[in-house]
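So the structure is just underneath, and the comments pick up after that.
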Amino acid sequence: MTTQPASAPRIPSTGHMSGLHMALLVIGVLLTAASLGSIAVPGFPDTGPELAAVAAVAALGVLAILVGAAGLGRSIAAGAPQVDESSAALPTEVSGHLDPGLSRWKWLVKWFLAIPHVVVLALLWAAFPVVTLAAGLVILVTGRYPASWFQFCVGVLRWNWRVSFYAYSVLGTDAYPPFTLARGPYPARFDVAYPERLSHWQVLVKSWLFALPNLLIVAAMTGGAWANDSWSNESWSTETRGISLTGALVLIAAVILLFTGVYRQGIFNLLVGLNRWALRTAAYTALMTDTYPPFRLDQGAGEPVPGSGPRT
């Protein structure tokens, strides 16, 4: 990984992940979910003090999420240099290194072992869009992504990549993922260069318009194989069936590993490349960078070396 020189700006650090900030995040998510859930209840009044009270609870929940995310972002940032956007091929770094001695059978239970992570990630993902939307408003006015919120959102994507690399989207390691948003010595790594400035106006269209082509490609790679449309209860419904390209490749790699004890390097390289495309798109959609994700499948454990040309 390429790093910035010592004089480059660094994200401040306050120590380890704070239990108080995590508690604020949990409370904020619960309050926001409860307020939205009460509005969805049939017969809920849309005027008067009841609605005002629900709006106040929702605002309090959002505030708790933002304060909790900011605290977690400050505490997880180790002050280490970020990815150098000026010398790296892209502002994102997505890497995954295959364990040489993978267990033949452990992939059968990794999904179960990862359940504690899935529970925590469900909470973090509930807070993620709230923080992203708030950051978008700040970017629109100032052109800067608040550093602590930026580190929180990068940490959520980093944690998600570690768990998916371990449990279901690659199965590339038997090392159990750490319960942290911070960087660390794990076979799967993710980082994004902290941007000095971001476009004021692009924040209005990046997530839903500019990113749409990449989102469609990522959906085709990770979504169901086909969809079935049907008419029921006076409305159309779409049911996705089949297995995704990523899911099929993981299943093939797992079956081969089970019978031969070998994880095919070609399948591994392709799976990391597919996940790299998805994570690059996620970082762009989440407003972390103005650099458009390339329409390119960079396979292999590490990022392409600048100047070496595209890898397919």
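The values are calculated or read from the model by the stated rules, or taken from the named source; none is laboratory data. Remember, it's a predicted structure, so these values are computed and weren't measured experimentally. Cβ coordinates were reconstructed from backbone atoms using ideal geometry, including for glycine residues, and neighbour counts include every protein chain displayed. Accessible surface is based on the protein model in full, side chains and every heavy atom, while ligands, DNA and RNA are left aside. Shrake-Rupley method; radii C 1.70, N 1.55, O 1.52, S 1.80 Å.
Taking all Cα-Cα distances within the stretch 149-226, those exceeding 17 Å account for 62%. Net charge in the neighbourhood of L102 (other residues with Cβ under 15 Å of its Cβ; Lys, Arg +1, Asp, Glu -1) is +2. Of the heavy-atom accessible surface of the stretch 121-184 (probe 1.4 angstrom), what whole percent is carbon and sulfur? Solvent-exposed carbon and sulfur of the stretch 121-184 make up 77 percent of the total.
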